[in-house]
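Notes follow the structure.
The values are calculated or read from the model by the stated rules, or taken from the named source; none is laboratory data. Model, not experiment: these values are computed from the prediction. Counting neighbours? That spans all protein chains shown, and the Cβs are built from the backbone with ideal geometry, glycine included.
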Amino acid sequence: MSLAIFVVLVLGILGGMYMPLGISAFLDQASSFMLLILLFSVGIDLGLNRHVFAQVCRLGFRILLIPLGVILGSLWGGAMAAFFMQTQIKEGMAIAAGLGWYSLSGIILTNAGNPVAGTISFLSNVFREIFTFILIPFLAKYLNGYSAIAPAGATSMDTTLGMISRHTDGTITVIAFVNGAICTLLVPVLMQMFL
């Protein structure tokens, strides 16, 4: 499956290079519609699995440990990348604070007067999402389902939720959704902290 995702991504890039500009607005609307269908399908799958929500309720506040780990791990990774690239640690953490939300993180940093960091944030978060699609099957199979949530960051409630649902179980899917919602809510706050 990961190979298929990679091949489709490359074909999409090649198609985008030669596609007429007028089609991009249609594709944007179509991808939004397909994302809604994906979320609806995952919701049906979760609704059919009635014991999932009872398991999540038993976890209680422990459910917050995964988003906390994702956020701290991402910020630590941004700080380490900045250290090795010999840039400001604060800037590296601001870039990493996008948590996979590339459409917002690049804009926030660019509007803050740092277009280079905005571009880096956009690209790093795009690559984070791409690598997440490739890594989820391997992480779920060879480590555990919870580890498949971490690389997704904020996208675990939308674009990567289908992959997480497919390769894990209903409980982890609900936790992934909660993780994505928390990360999404905190992205603007975290980025402002490091600007």
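At a glance:
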{"read-out": "Members of region 139-165 that are touching a residue at least 40 places away in the same chain (Cβ under 8 Å), of a type outside the set (S, T, N, Q) and surrounded by fewer than 22 Cβ atoms within 10 Å (Cβ to Cβ)", "value": "TYR146, ALA150, ASP158, GLY162"}
{"read-out": "Region 83-103: number of residues that are over 21 Å from the mean Cα position of the chain (by Cα) and of a type outside the set (Ser, Thr, Tyr)", "value": "7"}
{"read-out": "Extreme residue, modelled with the highest pLDDT, among residues of region 12-51 that are under 19 Å from MET163 (Cβ atoms) and polar (S, T, N, Q)", "value": "SER41"}
{"read-out": "Filter result (within 17 Å of ILE134 (Cβ to Cβ) and either crowded, with 24+ Cβ neighbours inside 10 Å or not basic (Lys, Arg) (or both)) within region 166-175", "value": "HIS167, THR168"}
{"read-out": "Residues that are within 17 Å of GLN192 (Cα to Cα) and either surrounded by 15 or more Cβ atoms within 10 Å (Cβ to Cβ) or modelled with pLDDT under 95 (or both), drawn from region 58-88", "value": "ILE71, SER74, LEU75, GLY78, ALA79, GLN88"}
{"read-out": "Members of region 100-146 found to be part of a loop (DSSP other than H, G, I, E, B) and not polar (S, T, N, Q), listed by number", "value": "GLY100, TRP101, ALA112, GLY113, LEU143, GLY145"}
{"read-out": "Tally of residues being at pLDDT 90 or above and either touching a Ser or Thr at 6+ places or on another chain (Cβ under 8 Å) or not in a helix (DSSP H, G or I) (or both) across region 147-160", "value": "8"}
{"read-out": "Residue in region 169-181 that is touching a residue at least 12 places away in the same chain (Cβ under 8 Å), in contact with a Phe, Trp or Tyr (Cβ under 6 Å, 6 or more places away or on another chain) and part of a helix (DSSP H, G or I) present", "value": "no"}
